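Data first, discussion second: the structure below is written as structure tokens.
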Amino acid sequence: MKTLFLEGKTKLHINLILSISFGLLLLLLRIKVTDSIMYIFLVWNLFLAVIPYIITQTIKRYTWLHANNITSYIGFMAWLLFLPNSPYIITDIIHLSNDGSSIAWFDMILVFVFALNGLILGLLSLTDMYWLIHFKYSKKVAQNTIFKACLLSGYGIFLGRFLRFNSWDIVTKPLNIIYQIRDTIYQPKVWFITFAFGGFLWILFLLLKSILELKERAHINLN
């Protein structure tokens, strides 16, 4: 059983690398054809999107990190801080040109591939964190925590896209963030963005979790 799990995990990581590499290949092709590095920022955004998954995978690998309350709390806060970067890449569609040229279609595919990779990494990270919390506390605590994390990610996307804050600004510019939150918290746009992205992320998480649980039950029945 453990061998099958490790094989499945290895295949997942290989496919993730393949998918990310495909996006990088498309970007290099665009740079070659257009002689422009306009969309090079997608690489940095995707790097930030990988961080939450690296955090949860590290916690899963080194169980002492999760067993210790202090390290598990630090790990969770770091994960929550970087989680919005995963679905954030979706908002990069704002950079797409609408000039009707043939390259516009290529750009759309390019941004979509990067956004999809970021979203998948975020969903896998959410699934990891769900089970970490589920095993340490309870199913109810895990569900409530992940739901709130999704909503906070929606708000984080607003902070990043509209107020132009980065994840590390919570450390370098805490007062500035607090003032901006105070000044914008009652704006309808804030809540629209928060619930739109947060709700979508939550629904996708539920779908992925259901698929994984269905696959697990099918495997048990076959054995």
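Miscellaneous remarks
- Hey, PHE158 among the aromatic types (Phe, Trp, Tyr), free of Cβ contacts under 8 Å to residues at least 60 places away in the same chain and more than 20 Å from TYR53 (Cα to Cα) or not: yes
- Subset of segment 139-168 that is outside any helix (DSSP H, G or I), out of contact with any helix residue (DSSP H, G or I) (no Cβ under 6 Å at 6 or more places or on another chain) and of a type in the set (A, V, I, L, M, F, W, C) - its residue that is surrounded by the most Cβ atoms within 10 Å (Cβ to Cβ): PHE162
- Criterion applied to ILE177, ILE185 was being closer than 16 Å to PHE82 by Cβ, more than 18 Å from the chain's Cα centre (by Cα), without any contact (Cβ under 8 Å) to a residue 60 or more places away in the chain and surrounded by fewer than 17 Cβ atoms within 10 Å (Cβ to Cβ), and the one residue passing it is ILE177.
- Output for segment 110-138, where each listed residue is modelled with pLDDT under 95, open to solvent by 70 Å² or more (accessible area, probe 1.4 Å) and either outside any helix (DSSP H, G or I) or not aromatic (Phe, Trp, Tyr) (or both): TYR137
- For first residues located in segment 61-79 and more than 22 Å from THR10 (Cα to Cα) and part of a helix (DSSP H, G or I), partners that are among the basic types (Lys, Arg) and open to solvent by 50 Å² or more (accessible area, probe 1.4 Å) and lie 6+ apart or on another chain with Cβ distances below 8 Å form the pairs HIS66/LYS60; HIS66/LYS136; SER72/LYS136.
- Residues being open to solvent by 60 Å² or more (accessible area, probe 1.4 Å), in a loop (DSSP other than H, G, I, E, B) and at pLDDT 95 or above are represented in segment 31-43 by at least one member.
The values are calculated or read from the model by the stated rules, or taken from the named source; none is laboratory data. Just so it is clear, the model here is predicted, and its values are computed rather than measured. Quick reminder, even Gly has a Cβ in these numbers, built from the backbone with ideal geometry, and neighbours come from all protein chains shown. In case anyone asks, the SASA skips ligands and DNA or RNA and just uses the protein heavy atoms, side chains included. Shrake-Rupley method; radii C 1.70, N 1.55, O 1.52, S 1.80 Å.
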